Amino acid sequence: MRSWLFVPGDDERKLAKGLSSGADALIIDLEDSVALSRKAEARRVTTEFLSRARGETRLTALYVRVNPLDSPFNIADLDAVMPARPDGIVLPKAQGGPAIQQLSVRLAVNEAEHDLVDGSTGIVAIATETARSLFHMGSFAGASHRLRGLAWGGEDLAADIGAEINRDADGHYTDPYRLARSLCLIGAAAAEVLAIDSVYTNFRDMDGLRLETESGKRDGFGGKMAIHPAQVPVINEVFTPSPAALAHARAIIEAFAANPDAGVIAIDGQMIDKPHLRQAERIMARATRGQTAL
């Protein structure tokens, strides 16, 4: 899935707008964008929204960002939204594989209680929001069959390490956040799940958004989070393979299918080997995800 749009869980108007934004997934937020005094109301609004959306034909996946596992709100969040069958849960401040296992147990209990298919609720972890979390990025591999993706964020990490800012004068992330970004990407690859790039906070700067999104795609990310519906078309466009890229990928796959014992194949004057085949398969998979979000 290419675009992951954050929407406050207590705002019915923004939830409706998000559903028509073209985003591949909504992240309905019960955490940072909801004030303490509005937590219960956000659960109610979110659950009603999920229940209504379930009766509609849609291509948008619906994930709920709950509060962290060690907060007093996590279990209440899950108890409220799970009867409405979200497609998945986004776990903030995830501390490696053990956190995913703990959440998976809580989801299994809720699925059993509400007669849902066991394992049907996916998990996306925001994996770099604390300094401690950076030392656990290799532990997501094999943690749970529910894990669908790893995302990273620099705002909470900046607060945790005491940084004044997380970008330099040119708008580029400084070294601690480039490290977090790289660890997220590598951790996702090791876990064989989607790597999701962080938000671009200046929602009026579409040129900057495009440059950062193209950088993420170049490095291996498969999607990007958004904080405003206006960002969704840019993200979708960048992460949708071009016709030329699809044609080249298809040619590589077909060539190896016709020559299964070959280690290297010449295509258009280039020597193509198995790493190129894997890359071609990922391009085709990305195109499929763009066409069908669920």
- prompt: Over the Cα atoms of region 1-153, how large are the radius of gyration and the largest Cα-Cα distance (Dmax), in Å?
  reply: 14.4, 42
- request: Run the dipole for the chain about the Cα centre, Lys and Arg Cβ at +1, Asp and Glu Cβ at -1, nothing else charged, and hand back the magnitude in debye, nearest 20.
  value: 440
field: Under the Karplus curve 6.51 cos²θ - 1.76 cosθ + 1.60, θ = phi - 60°, whole-Hz ³J(HN,Hα) for region 223-236, x wherever Gly or Pro sits
entry: x, 8, 7, 10, 10, 8, x, 5, 7, 4, x, 5, 4, 4
- request: Please report how many Lys pairs in the chain have alpha carbons closer than 23 angstrom, counting only residues at least 8 apart along the chain or sitting on separate chains.
  value: 7
task: Would you mind listing how long region 228-277 runs along its three principal axes, going by Cα atoms, in whole Å with the largest first?
output: 48, 18, 15
query: Across bins of 5 angstrom width beginning at 0, how are the C-alpha pair distances of region 143-294 distributed, in whole percent?
result: 2, 8, 15, 18, 17, 15, 11, 7, 4, 2, 1, 0
message: Check which residues have an amide H placed less than 5 Å from Asp29's amide H, if you skip close sequence neighbours.
response: Val7, Gly9, Arg65
- line: Karplus-derived 3J(HN,Hα) from phi for region 133-142 (6.51 cos²θ - 1.76 cosθ + 1.60, θ = phi - 60°), whole Hz, x at Gly and Pro, runs 5, 5, 7, 10, 5, x, 8, 6, 4, x
Listed candidates (i) 152; (ii) 123; (iii) 176 - label of the one calculated as volume of the Cα convex hull per residue in Å³: (i)
Contour minus Cα-Cα distance for Ala163 and Asp207 (0.36 nm per residue): 13.2 nm
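Quick note: the coordinates plus some simple rules give every number you see, no bench work behind them. All values reported here derive from a predicted model rather than from experimental measurement. Because the Cβ atoms are built from the backbone with ideal geometry, glycine has one as well, and the counts that use them run over all protein chains shown.
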